[in-house]
Ligand code: C5P
């Protein structure tokens, strides 16, 4: 059935958070070519902002916070935001386009699911713009079609990811955490890191991935030191092979106020868990003084994608 939503003037703005993986267990390659994953996701306070407006065709523009490079952002039909708008339109038989503006605050190709955040934000924004009220389960399914990390960008908080990462189960945890995020001037390609992982494990029989009990227990008890000690990432050795210079930054995890350090997802962003906002700010300042960076501080967990502004009549 084709639905032609009435032409609606106005805009809808959605923000979506970056994700980090507190644990990232990678298993064997599945028959669809993806790796089986068992991960603990956490949404952290770095956000992309997506604004959509009614148009005849689908188009997009992107700009970024001064510290970020846009080099790795595709601006054609392969951009995940464009794919998200087209997927939602096709799903509902909507015959309208949309102008998409993306403001990036999440590192590009940094292992923090910035593209996935844009996909999730665009799904939600178009759903509001077109007045579709897509049921949550359907939206999550469409998100999973767009990419492995996109459903979590809708859900936010702290959650377990299974399947290829797209099956998201919220995890009850207490309290919040402060992270120092050390970004890299150059991004890393996620497929390239998984390929390196395959090279490192060639000939080995990988077990089904698991989530460490110590981590879920530490999260339940809000034991920051134990969370720091339990941080783990099976992609880290592969990311370090591609970017050996990250090792030195990670080894500064012994410094004051840092409870643990890990590469974020497929990298190259690195994460340092701190005991408080104050510690995070001083760790970030020390890194900047050493010439590392860009560096930012982010709390977690934060909410998933949400509408923050709408000037579309009857929508919100
Ligand atoms: O799902 P997404 O588009 O984010 O995945 C990007 C790439 O990362 C995939 O094409 C694949 O090479 C790799 N990947 C994987 N196994 C996963 C998730 C991603 O091999 N579970």
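Reported count of residues in region 14-36, each being surrounded by fewer than 14 Cβ atoms within 10 Å (Cβ to Cβ) and more than 11 Å from the ligand (Cβ to nearest atom), is 1. Which of the residues belonging to region 182-198 are away from the ligand (no atom under 14 Å from the Cβ), in contact with a helix residue (DSSP H, G or I) (Cβ under 9 Å, 6 or more places away or on another chain) and either part of a loop (DSSP other than H, G, I, E, B) or closer than 25 Å to residue 307 by Cα (or both)? Scanning region 182-198 gives a single hit, 184. Under the condition of being in contact with a strand residue (DSSP E or B) (Cβ under 6 Å, 6 or more places away or on another chain), assigned to a strand (DSSP E or B) and within 30 Å of residue 10 (Cβ to Cβ), the residues counted in region 271-313 number 5. Scanning region 171-199 for residues that are surrounded by 13 or more Cβ atoms within 10 Å (Cβ to Cβ) and over 23 Å from the mean Cα position of the chain (by Cα) yields a total of 0.
Looking at residue 140, is it touching a helix residue (DSSP H, G or I) at 6+ places or on another chain (Cβ under 8 Å), in a helix (DSSP H, G or I) and within 26 Å of residue 81 (Cβ to Cβ)? It is true that residue 140 is touching a helix residue (DSSP H, G or I) at 6+ places or on another chain (Cβ under 8 Å), in a helix (DSSP H, G or I) and within 26 Å of residue 81 (Cβ to Cβ). Inspection of region 64-72 finds a residue satisfying the criterion of being within 14 Å of the ligand (Cβ to nearest atom), under 30 Å from residue 195 (Cα atoms) and either out of contact with any strand residue (DSSP E or B) (no Cβ under 9 Å at 6 or more places or on another chain) or without any contact (Cβ under 8 Å) to a residue 12 or more places away in the chain (or both). Of the residues 225, 218, only one is away from the ligand (no atom under 13 Å from the Cβ) and surrounded by 19 or more Cβ atoms within 10 Å (Cβ to Cβ); which? Residue meeting the stated conditions: 218.
Only one of the numbered conditions (1) without any contact (Cβ under 8 Å) to a residue 40 or more places away in the chain; (2) more than 14 Å from the ligand (Cβ to nearest atom); (3) in a helix (DSSP H, G or I); (4) touching a helix residue (DSSP H, G or I) at 6+ places or on another chain (Cβ under 8 Å) is not met by residue 151, and that is (2). Residue 78 meets each of the listed conditions (1) farther than 24 Å from residue 124 by Cα; (2) part of a loop (DSSP other than H, G, I, E, B) apart from (1).
Looking at region 237-288 only, could you name the residues that are surrounded by 20 or more Cβ atoms within 10 Å (Cβ to Cβ) and within 16 Å of the ligand (Cβ to nearest atom)? Result: 238, 239, 263, 264, 265, 266, 267, 268, 269.
Here region 158-179 is the region considered, the condition is being within 15 Å of the ligand (Cβ to nearest atom), assigned to a strand (DSSP E or B) and touching a residue at least 60 places away in the same chain (Cβ under 8 Å), and the residue that is farthest from residue 222 (Cα to Cα) is 162.
Answer yes or no as to whether residue 89 is surrounded by fewer than 21 Cβ atoms within 10 Å (Cβ to Cβ), more than 13 Å from the ligand (Cβ to nearest atom) and either at pLDDT below 95 or in a helix (DSSP H, G or I) (or both). Yes; evaluated as a whole, the condition is true for this residue. Total residues in region 104-144 satisfying the condition of being surrounded by fewer than 23 Cβ atoms within 10 Å (Cβ to Cβ) and either within 16 Å of the chain's Cα centre (by Cα) or within 19 Å of residue 264 (Cα to Cα) (or both): the figure is 5. The single condition among (1) closer than 20 Å to residue 185 by Cα; (2) assigned to a helix (DSSP H, G or I); (3) in contact with a strand residue (DSSP E or B) (Cβ under 9 Å, 6 or more places away or on another chain) that residue 248 does not satisfy is (3).
The values are calculated or read from the model by the stated rules, or taken from the named source; none is laboratory data. These numbers come from a predicted model, not from an experiment. Every residue, glycine as well, gets a Cβ built from its backbone with ideal geometry; the counts of neighbours run over all protein chains shown.
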